[in-house]
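Below is one structure, written out as structure tokens, with a few remarks after it.
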Amino acid sequence: MSPNTVFNGASEVIRSNDVVTRQYGEKLKFYGKDHGGHREGRRNFIEHTEYTDPDDGSKRTRVRFNMEGQFSEAFCFAEVSSDMPSGEYVYVLVQDKRTGRVITVIDNRAALTAKRLAGGNQETANAMQQLLGGGSRSS
């Protein structure tokens, strides 16, 4: 759940998404925020927030980083939860810097809400997820 681990994993998920590669090109570069100062040009700081979700009490890490492709640039957002298996994300989103258009790479927020509302019953969780419009991957 470290910010750099989330950044690395989310970068690979984004890189493998067909919609993103069509929009931004095959050669994608991911980087963090520029520190400034004597390290001008180093963009390896990953903006992040660590918090406890008030709804389910899970620890969460949310990151924001940049992506640059052949055709355009974007902001990327990803979040992980301690309640989810390693390598799974609450969401991974890509927002175009010019247009503001958002590409949803992964969105499990509805599934997590359904799971919480179902109280552990898998059949009820599946029904709630369908009602809330939850699909793991979409474009």
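Values as computed for the structure displayed
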{"read-out": "Candidate set from region 47-102 (those that are of a type in the set (Asp, Glu) and exposed (fewer than 13 other Cβ atoms within 10 Å of the Cβ)); member that is nearest to Leu117 (Cα to Cα)", "value": "Asp55"}
{"read-out": "Filter result (farther than 15 Å from Ile103 by Cα and basic (Lys, Arg)) within region 60-80", "value": "Arg60, Arg62"}
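FYI, it's all coordinate maths here, none of it is from the lab. Here the structure is a predicted model, which is why all the values come from computation and not from measurement. Because the Cβ atoms are built from the backbone with ideal geometry, glycine has one as well, and the counts that use them run over all protein chains shown.
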